[in-house]
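What follows is calculated from the coordinates using simple rules that are stated; it is not laboratory data. As the structure is a computational prediction, the values presented were derived from the model and not from experiment. Positions of Cβ are generated from backbone atoms using ideal geometry, with glycine treated the same way; all protein chains shown enter the neighbour counts.
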Amino acid sequence: MAEETKNVDWGEVKSFAGLMMNDIGAALQGALTYIGDRLGIFKALAGAGPVTVAELAARTSLDQRYLREWLGAMTAAKYLAYDAAGERYTMSPEHAMILANEESPFFMGGFMQMIVPEVAMAPKLMESFRTGKGLPQSEYPPEVFEAIERGSAPMYRHQLVRKWLPAMPEVEARLKAGAVALDVGCGSGRGVIAMATAFPHSRFHGYDAHQGSVDRAHANAVAAGVADRVEFGVVDCTKLPAAKFDFISCFDVIHDSVDPVGLLQSIRAALKPDGAFLMVEMNVSARPEENINPIGRMMYAASTLYCMTVSLAHGGAGIGALMGEEKARELAAEAGFGRFTRLPIKDAFSALYELRP
């Protein structure tokens, strides 16, 4: 033991121990954050001003003892402010934008909801580490897909129509005039619904391999009042009809597809000769040294727990979420696309590529 520790920097040991303590606390905090979102505690605190434990219990119909411990954790994590003299807890309006306001462009409730069901897959994933195989979507609880929907909702609500499509003026003009469009890997249909609402003269299709998500998409379209202008279906998108669409979109799907090149080839063939494809992927690098930041940390974990493994489950490429622009260009070229342009959109999470046949 003495030989092994002879050259150890004990200051670095203590520093790293502090980092580990912070990370373990953050992991455990994630479970309480999940509870706060699922039980509506964050929403009850938003706009309530300073509240005591008893007042919060009355607002939420939850047990005071559990709330006191939960509030202590949120205070320690600096999610809430605490007035010791009055024994009152306060959520700032800025924190409410992230924790409680579903309409906010910064809302992260979907990610909070994702924590527990995805982390719960870890015991099953241990076998995948041994075998190199993966976990199919069917292994994941329905809540994961509900969480994905909530997590992506701000993107569709605040970015897609207002900022992203205007960066493709020719596409935007065609959608306004009347076009046939498809969203590949549509999930619960939020992207399709956002576009159908904004462009009533166009016809939109949404295809996904996951039946549960398509069912949610149907229900969401009815609720949004656009069911007469959208069509959802469970479709193998590596076998799309040829030359049918003016515009195809794909949001964070290529990296976790089973056959990314085959999927891109199918998308290219499905476009009309003058059509355009919008591929949205994570704004990250394929190089680990360039992802040493909070987004990189989160995305490597999310990729391991979901993106990569659902592809490997079917013998797929298992690219994972952090493929970066270089890999995106490589896949597009291999699929036969003639033009690849990164759109001049500044976004912390997303990189946008416009591809043409």
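Below are the figures for this structure:
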{"quantity": "Relative contact order (%) - criterion: Cα under 8 Å, at least six apart; region: segment 22-142", "calculated": "26 percent"}
{"quantity": "Sorted by Cβ density within 10 Å, fewest first, the residues TRP164, TRP10", "calculated": "TRP10, TRP164"}
{"quantity": "Residues listed by number, segment 169-203, amide nitrogen under 15 Å from ARG162 label point at 7 Å toward C-beta", "calculated": "194-195, 198"}
{"quantity": "DSSP-defined antiparallel bridges as percent of all bridges, the chain, nearest 5", "calculated": "40 percent"}
{"quantity": "Angle in degrees between helix 211-224 and the longest Cα principal axis of the chain, rounded to the nearest 10", "calculated": "90 degrees"}
{"quantity": "Given charges at beta-carbon only (K, R positive; D, E negative), |dipole| of segment 10-101 in Debye", "calculated": "140 debye"}
{"quantity": "Top of ILE319, ILE292, ILE98 by mean-square fluctuation, Gaussian network on the chain, Cα under 10 Å", "calculated": "ILE292"}
{"quantity": "Theoretical FRET efficiency, 1/(1+(r/R0)^6), r = Cβ-Cβ of ALA301 and MET20, R0 25 Å, to 0.05", "calculated": "0.95"}
{"quantity": "D (Stokes-Einstein, µm²/s), Kirkwood Cα radius, segment 185-316, 0.692 mPa s at 37 °C", "calculated": "205 µm²/s"}
{"quantity": "Sites ARG130 and HIS201 - FRET efficiency at Förster radius 51 Å, r taken between beta-carbons, to 0.05", "calculated": "0.40"}
{"quantity": "Among (i) 68, 59, 36; (ii) 65, 56, 44; (iii) 63, 50, 40, the entry derived from the coordinates for Cα extents along the principal axes in Å", "calculated": "(i)"}
{"quantity": "Theoretical gain in end-to-end length, ALA76 to SER92 [0.36 nm per residue, Cα-Cα removed]", "calculated": "4.3 nm"}
{"quantity": "Angle in degrees between helix 10-38 and the longest Cα principal axis of the chain, rounded to the nearest 10", "calculated": "70 degrees"}
{"quantity": "Computed label-point distance, nm, for sites ALA122 and ALA224 using a 7 Å Cα→Cβ extension", "calculated": "3.5 nm"}
{"quantity": "Whole-number Å³ per residue for the convex hull built on Cα positions in segment 1-146", "calculated": "197 Å³"}
{"quantity": "Nearest 10 degrees, 0 to 90: helix 122-131 Cα axis against the chain principal axis", "calculated": "60 degrees"}
{"quantity": "Label-to-label distance, nm, for residues given as ASP236 and LYS272 (7 Å Cα→Cβ offset)", "calculated": "2.8 nm"}
{"quantity": "CD proxy at 222 nm, helix term only [per DSSP H run n ≥ 4: -39500 (n - 2.57); per residue of the chain; nearest 500]", "calculated": "-14000 deg cm²/dmol"}
{"quantity": "Normalised contact order of segment 115-356, rounded percent, pairs of Cα under 8 Å and 6 or more residues apart", "calculated": "19 percent"}
{"quantity": "Pairwise label distance in nanometres, LYS6 with ALA85, each label 7 Å out on the Cα-Cβ vector", "calculated": "6.0 nm"}
{"quantity": "Candidate lysines - alpha carbon under 28 Å from LYS327, same-chain residues fewer than 8 apart omitted", "calculated": "LYS133, LYS163, LYS239, LYS244, LYS272, LYS346"}
{"quantity": "ALA58-LYS346 FRET efficiency (beta carbon distance; Förster radius 45 Å; 0.05 resolution)", "calculated": "0.50"}
{"quantity": "10 Å binning of all Cα-Cα separations within segment 305-357, expressed as whole percents from 0 upward", "calculated": "21, 43, 32, 4"}
{"quantity": "For segment 22-98 and segment 261-301, distance of Cα centres in Å", "calculated": "37 Å"}
{"quantity": "Point-charge dipole on Cβ atoms (K/R +1, D/E -1) for the chain, about Cα centre, debye to 20", "calculated": "700 debye"}
{"quantity": "Net lengthening on full extension, GLU289/ARG329 (0.36 nm per residue, minus Cα-Cα)", "calculated": "12.4 nm"}
{"quantity": "Most mobile of PRO154, PRO136, PRO288 in a GNM of the chain (Cα contacts under 10 Å)", "calculated": "PRO288"}
{"quantity": "Charge dipole (segment 10-101, unit charges on Cβ, about Cα centre) - positive-most of LEU99, ALA81, ALA58", "calculated": "ALA58"}
